[in-house]
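The values are calculated or read from the model by the stated rules, or taken from the named source; none is laboratory data. This structure is a prediction, so every number in the text was calculated from the model and none was measured. Backbone-built Cβ (ideal geometry, glycine too); neighbour counts: all protein chains shown. For the accessible areas, the whole protein counts, side chains as well, though only heavy atoms, and no ligand, DNA or RNA atoms are used. Shrake-Rupley method; radii C 1.70, N 1.55, O 1.52, S 1.80 Å.
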Amino acid sequence: MIKRETYMKRIRPFIGTDLVKVLTGIRRSGKSVMLDLIKEELMISGVDSRQFISINFENMTNSHLCTATALHDEIIRRASEIGCKVYLFFDEIQEVSGWEKCVNSFRVELDCDIYITGSNAKLLSGELATYLAGRYAEFVIYPFSFAEFIELYRTVFPNADIRQCFSKYLTAGGMPYLSNLRYDDMASRQYLRDLFNSVELKDIVKRNHIRDVDMLERIIAYITANIGTTFSSTAVSKYLKSEGRSVSPETVLNYIKACTDAFLFYQVKRQDLQGKKLLTVNEKYYVADHGVREAVFGGNRKDINLVLENIVYMELLRRGYNVTIGKTGDQEIDFVCEDQGNKLYVQVAYLLASEDTIQREFGVYDRVRDNFPKYVVTLDEFDMSRNGIKHRNIRDFLLEEKWD
């Protein structure tokens, strides 16, 4: 089991506090494993495992606990038997109707430390905000980074060099369970397709009461094919009309919102770097796991420039950056990344195969006058850094401990 220290560093300061720890992210990204790692941490600090109460609400044996009242009564009973501080671990809590009231009640009634996971961003909206305002800390758990992927891939293929690892990562993606399948191509594709179907059915269709599943699938296919490409809901609407399906831009937006709530896609807004303001039209979207894209829709190697961009974007999120697209004149910088006053610019391309490409990728920074780090990230093996702009091979960039 990979220790996922990147997340543990963020969670560790909150262990033992009365804040509810909320772990969110796409289904099967490793949230349950994070709960196990937290339990390990607690036991190392001297907590007896008999103080743990763990319930996975996707397990049918716990279906009778999927109401607030039933869960409340069960936990109060178990806690009274333990007779001291309890540690509550609730996996996929969104399956419990009225869970917000229940969790808030435990905070008031019990001496407890609470950890919950969920596969929908709406966990942190609506009623939760009312009941637990200022009393929770959220941690988004993403599929494996390239560094994490290498660590696990080499337990299966110890002699794989970094190029072989990245080649596999490009198509397989970072879903943790693939190591159990020994990264077998056919088994991995089947698993990722089943995962996608589960996200679509349970976290999008069922949770949002979507009736026109065919329309949803067309919109998902469009976005997946156009990751990293600027487009509007009107453009999607016009495309679907040309395919014989009429749908309003508002409906397109609602369907896309349902997908981002399920952590299938991430929306990236555009920022005017001269005017210092966010632009309200033509966002970009990236998929949570590029391996799912390959398994369901194919084309990762054909669309390698877009997939490399997707991989870099997800790594920026993992490291805690707030990411926007930077508009400067008639050009765009792929990623403008901010974190507590620090800033980083990243431009991603496939290969710097011609002087025109080099001028385009490096020249995008001509109007950016500040002294924050600026990168061009590609698959090239030779360092072409110039004018204070750093060029990195994408493998090296993803594995660097710190960018500066």
Set the Förster distance to 30 Å, then compute FRET efficiency between Ala187 and Lys3 from the Cβ-Cβ distance, nearest 0.05. 0.70
From the P(r) of the range 282-399, could you give the percentage of C-alpha pairs in the tail past 24 Å? 24
Can you tell me which of Asn387, Asn310, Asn59 moves the most in a GNM of the chain? Springs connect C-alpha atoms under 10 Å apart. Asn387
Between Lys269 and Ser63, what FRET efficiency comes out of the Förster formula 1/(1 + (r/R0)^6) with R0 = 45 Å and r the beta carbon distance, rounded to 0.05? 0.65
With N set to the residue count of the chain, report its C-alpha Rg divided by 2.2 N^0.38 Å to two decimal places. 1.04
Which Cα, out of Leu42, Ser32, Tyr153, lies furthest along the positive dipole direction of the chain (beta carbon charges, K/R +1, D/E -1)? Ser32
Additional length obtainable on full extension of the chain from Lys402 to Glu217, 0.36 nm per residue less Cα span: 62.7 nm
For helix 249-261, what angle does its Cα long axis make with the longest principal axis of the chain, in degrees from 0 to 90 and rounded to 10? 60
So how strong a dipole does the range 205-299 carry about its Cα centre when Lys and Arg Cβ are +1 and Asp and Glu Cβ are -1, to the nearest 20 debye? 280
Of Val346, Leu273, Val287, which is farthest towards the positive pole of the range 249-404's charge dipole, taken about the Cα centre with +1 and -1 on the beta-carbons of Lys, Arg and Asp, Glu respectively? Leu273
If you rank Met186, Met215 by how much accessible surface each has, with a 1.4 Å probe, what is the order from largest down? Met186, Met215
So Tyr177 and Ser54, fully extended at 0.36 nm per residue minus their Cα-Cα distance, gain in nm 42.2 nm
Where is the GNM fluctuation largest for the chain (alpha-carbon springs, 10 angstrom cutoff): Leu316, Leu192, Leu132? Leu132
Of the peptides 389-400, 36-47, how do they stack up when ordered by the mean number of other Cβ atoms within 10 Å, highest first? 389-400, 36-47
As a check on your grasp of the helix formula, calculate [θ] at 222 nm for the chain: sum -39500 (n - 2.57) over DSSP H runs of n ≥ 4, divide by the residue count, round to the nearest 500. -12000 deg cm²/dmol
Please give the FRET efficiency for Asp161 paired with Lys277, using the beta carbon to beta carbon distance and R0 = 45 Å, rounded to the nearest 0.05. 0.50
Taking the Cα centre as origin and putting +1 on Lys and Arg beta-carbons and -1 on Asp and Glu beta-carbons, what dipole magnitude results for the chain, to the nearest 20 debye? 420
The chain, accessible area per residue, ligands and nucleic acids excluded (1.4 Å, Å²): 46
5 angstrom amide H check on Ile325, placed H, neighbours 5+ away: Lys269, Arg270, Gln271, Val336
So, with points 7 Å from each Cα along the Cβ direction, the Val108-Phe297 label distance in nm works out to 4.6
Ignoring ligands, DNA and RNA, please state the percent of accessible area on the chain from carbon and sulfur, probe 1.4 Å. 48
Taking amide H positions as placed 1.01 Å from N in the peptide plane, with prolines and chain starts having none, which residues 5 or more places from His391, or on another chain, fall under 5 Å of its amide H? Val376, Met384, Ser385, Arg386
What is the range 1-98 by shape, rounded, prolate or oblate, if you read a ≥ b ≥ c off the alpha carbon gyration tensor as root eigenvalues and call it rounded for a/c under 1.5, prolate for a/b larger than b/c, and oblate otherwise? oblate
Compute a Gaussian network model of the chain, connecting alpha carbons closer than 10 Å, and tell me which residue from Gly83, Gly228, Gly118 fluctuates the most. Gly83
Debye, to nearest 20: dipole size of the range 14-126, +1 on Lys, Arg Cβ, -1 on Asp, Glu Cβ: 240
One quarter of the C-alpha convex hull surface, i.e. the mean projected area of the range 299-368 in nm², amounts to 5.4
Ellipsoid semi-axes in whole angstrom, largest first, where each is sqrt(5λ) of the Cα gyration tensor of the range 18-171: 33, 18, 14
